[in-house]
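Each value in this text was obtained by applying a stated rule to the coordinates, not by laboratory testing. Just so it is clear, the model here is predicted, and its values are computed rather than measured. Here the Cβ is made from the backbone with ideal geometry for all residues, glycine too, and neighbour counts use every protein chain on show.
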There are 2 protein chains.
Amino acid sequence: MKLGIYGYGNLGKGVENAIARNADMELAAVFTRRDPGSLTIATPGVPVVSADELPDWADRIDVLMLCGGSATDLPIMTPSLAKLFNVVDSYDNHSCIPVHYAAVDDAAQASGHVALISCGWDPGLFSLARVYAGAVLPDGEDYTFWGRGVSQGHSDAIRRIPGVLDARQYTVPVPEAVERVRAGENPELTVREKHKRECFVVAAEDADKDAIREAIVTMPAYFADYDTTVTFITMEELRRDHAGLPHGGSVIRTGRTGLGDANTEVFEFSLKLDSNPEFTGSVLAAFARAVDRMAKRGDKGCKTVFDIAPVDVSPMAREELIAHRL
Amino acid sequence: MKLGIYGYGNLGKGVENAIARNADMELAAVFTRRDPGSLTIATPGVPVVSADELPDWADRIDVLMLCGGSATDLPIMTPSLAKLFNVVDSYDNHSCIPVHYAAVDDAAQASGHVALISCGWDPGLFSLARVYAGAVLPDGEDYTFWGRGVSQGHSDAIRRIPGVLDARQYTVPVPEAVERVRAGENPELTVREKHKRECFVVAAEDADKDAIREAIVTMPAYFADYDTTVTFITMEELRRDHAGLPHGGSVIRTGRTGLGDANTEVFEFSLKLDSNPEFTGSVLAAFARAVDRMAKRGDKGCKTVFDIAPVDVSPMAREELIAHRL
């Protein structure tokens, strides 16, 4: 199958790396809104093409991977490109997913394409864990913990504070909360009890560090509701110790079974990722395989990971899966 | 949806308990090869019926849950009952699954029913974890660890040794092996390095304990390839400390991503179960929902968990899942 990548940031590079690792996939082109001549990509021999030329590629690409941001790119990009291509996106603005879904479904139904939205690990694999766990253990409660990992949005929020040169924010699950959940207590947890936030900040030489610290810990929505630590470091330390984009987390559901709720069953799915964008790109690539297969079977419309049978995600033949993976 | 249960052992009771916890399910009848009058079930008002009368119930049951054993019951039961009912079984003899699949598919295709085989947690949820993990991290290796939990088959093998009155065998993952796998080492592990076996044995008063211990630790296939401990206990201790059927385990896959395999990503799914049969019954009930929906859409033939889209397993409507679980 021939894949295109639209957007060559961290996620686009992650998808490119994943495509190279899947023998049944080939990268056809990378599309960019930048000057194509300014971009050097990792895969030799693959054209870098201006996004303006996307319509010319409609018949040459099985699935187009939309590697833009959820804030402003994907709400426009996904519905408009679902008119021309089968597409996959990683739209992760949880509260706006139904609106995004409706816009994408209209476009994909009309054009006869398959458009998978909100793929990745959360939304994505974590969503799958929540659905399987909820179905299997109806009398229970599930919890999602994120981290320890870098939150791009929170890092950006710190960078916008005057006097901040650069920053990295880690979301960290509170170990006591995780343990209470694993123990089957089904606790009611506040935002503050579930996660804490660690900020590493490079300040300008003449900046007022106390004011920066205060601006961070009191910032509504981002930090005010959390226990937040602020550590000032040098630019050298930031580059040396905080260059990666690790992340991860877990979905845990505990439920009761048996007469008189006698027994507790614990379902836990967790990820520990050195590279958030590379892993997310790997998930997108695997699900692009399903999109291609569904489209070739004549399916159409907007899909989520919930609509996709696991057999379609795997490179192995169904008989092989039954014989060796069941 | 109306469910029937065939076989009222530990698993049948687990399914019964799960049905009571799902508002969209109703237990229609329990079928048994024993004298129906000898059986008292937990759900009030539900008939206990002789298995001979199963054909009379073909139009009154949406999905029949086959709660027999994999050794001798299910290879006969599932193909023969797939002629009359949509069915779910938990066939777990991994190496014989393709043969079982073929027999069941013949019957279900011919009769127009949906027959889900090898459902539960392994095979079942663990199989799903292996397939998703393998698709997402092609350059990696996956490992399945079982336990700490009671193995019925190994307990039975000990009970057959002369002088043994009763026994309970726990399968236990070797912690060092689990840690090496989690660390992304992708080690080659022998059977002995992955699991050890703990046996609690009640011997007859005049039995030769050394001979029993020797018979256990040298037993081919069951114990000879493992580090096995044997502890003799009294019948009272067995009843007090080993009455439950706990189990669990984990599927762990670590894979490489990025240029030069720079990064390691760890995917882990684990279960910690107070009651193996009650949790297995809960999984069977959830997937019976999907079987009913697939059958009502006109699907037919033998299915595995790989063929089932997660949306069909959930009691929630698709829109609700998209809005609240993605």
_Two-decimal ratio, region B:29-145, of alpha-carbon radius of gyration to 2.2 N^0.38 Å_ = 1.26
*Setting aside same-chain residues fewer than 8 positions from residue B:83, which lysines have a Cα under 22 Å from its Cα?*
B:2, B:296, B:300, B:303
*Quick one: label points 7 angstrom along Cα→Cβ at residue B:224, distances to the other copies in nm, smallest first?*
7.1
*Taking amide H positions as placed in the peptide plane 1.01 Å from N, state which residues far from residue A:245 in sequence (5 or more) or on other chains have amide H under 5 Å from it.*
A:276
*With +1 on each Lys and Arg Cβ and -1 on each Asp and Glu Cβ, how big is the dipole of the protein assembly as shown about its Cα centre, in debye rounded to the nearest 20?*
640 debye
*Share, in percent, of DSSP beta bridges within region B:166-308 that are antiparallel, nearest 5*: 75 percent
*asked:* Under 16 Å from a point placed 7 Å out from the Cα of residue B:237 along the Cα-to-Cβ direction: which residues of region B:165-206 have their backbone N that close?
replied: B:165-170, B:198-206
*Where N is the number of residues in chain A, Cα Rg divided by 2.2 N^0.38 Å*: 1.09
*Using the 7 Å Cα-to-Cβ label point, sort the distances from residue A:40 to its equivalents in the other copies shortest first and give them in nm to one decimal.*
8.1
*For the protein assembly as shown, what proportion of DSSP beta bridges, expressed in % and rounded to the nearest 5, is antiparallel?*
55 percent
_Gain on full stretching of the segment that runs from residue B:139 to residue B:34 - 0.36 nm per residue minus C-alpha separation_ = 32.7 nm
*asked:* Taking loop as defined by DSSP and a crowding limit of 10 other beta carbons within 10 Å, which trypsin sites (Lys or Arg not before Pro) in region B:145-230 fit?
replied: B:160
*What fraction of the Cα pairs in the protein assembly as shown, stated in percent, has a spacing above 35 angstrom?*
47 percent
*Identify which of A:116, A:64, A:74 has the largest mean-square fluctuation in a Gaussian network model of chain A, with springs joining Cα atoms closer than 10 Å.*
A:74
*asked:* Just to check I understand the Karplus step: with θ = phi - 60° and J = 6.51 cos²θ - 1.76 cosθ + 1.60, what whole-Hz values come out for region A:235-251, glycine and proline as x?
replied: 4, 4, 5, 4, 5, 7, 9, 9, 7, x, 10, x, 6, x, x, 8, 10
*Using alpha carbon centroids, what distance separates region B:96-148 and region B:242-311, in Å?*
9 Å
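Which loop-located trypsin sites (Lys or Arg not before Pro) does region A:14-102 contain, where loop means any DSSP state but H, G, I, E or B and the Cβ has at most 11 other Cβ atoms within 10 Å?
Qualifying residues, ordered by number: A:60.
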*Amide H contacts of residue B:233 (H built 1.01 Å from N, under 5 Å, at least 5 apart or other chain)*: B:201, B:202, B:203
*Select from B:312, B:166, B:206 the residue whose mean-square fluctuation is largest in a Gaussian network model of chain B (Cα-Cα springs shorter than 10 Å).*
B:206
*Helix hunt in chain A: which complete DSSP H runs extend at least 18 Å axially by C-alpha with mean Kyte-Doolittle at least 0.0?*
A:97-111, A:276-296
*Evaluate peptide A:273-284: per residue, the Cβ atoms of other protein chains within 10 Å of its Cβ; return the mean as an integer.*
5
_Environment charge of residue A:68, counting only residues whose C-beta is closer than 14 Å and scoring Lys/Arg +1, Asp/Glu -1_ = 0
*Hey, got the average number of other protein chain Cβ atoms within 10 angstrom for residues in B:286-293?*
2
*asked:* Distances in nm, one decimal, shortest first, from residue A:185 to the same residue in every other copy, taking the label point 7 angstrom along Cα→Cβ.
replied: 3.4
*Counting only Cα, what are the radius of gyration and maximum Cα-Cα distance Dmax of region B:234-288, in Å?*
18.8, 60
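To the nearest 0.05, what FRET efficiency results for residue A:206 and residue A:23 with a Förster distance of 41 Å applied to their C-beta separation?
My answer for the efficiency is 0.15.
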*Order of A:178, A:191 from fewest to most other C-beta atoms within 10 Å?*
A:191, A:178
_What does the structure give for B:126-132 when I average, per residue, the other chain Cβ atoms found within 10 Å of the residue Cβ?_
6
*asked:* For the pair residue B:192/residue B:214, report the inter-label distance in nm, with labels modelled 7 Å from Cα in the Cβ direction.
replied: 2.0 nm
*Check each of the trypsin sites (Lys or Arg not before Pro) in region A:263-324 and keep only those in coil by DSSP with at most 11 other C-beta atoms within 10 angstrom; list them in order.*
A:297
_29 Å Cα-Cα reach of residue B:196 towards lysines, excluding residues that sit fewer than 8 places from it in its own chain_ = A:272, B:209, B:272
*For region A:185-201, Karplus couplings with θ = phi - 60° (6.51, -1.76, 1.60), whole Hz, Gly/Pro x*: 6, 6, x, 8, 10, 6, 3, 5, 6, 8, 9, 10, 10, 10, 10, 10, 10
*asked:* Between A:271, A:238, A:284, where does the largest GNM mean-square fluctuation fall for chain A, given springs only between Cα atoms within less than 10 Å?
replied: A:238
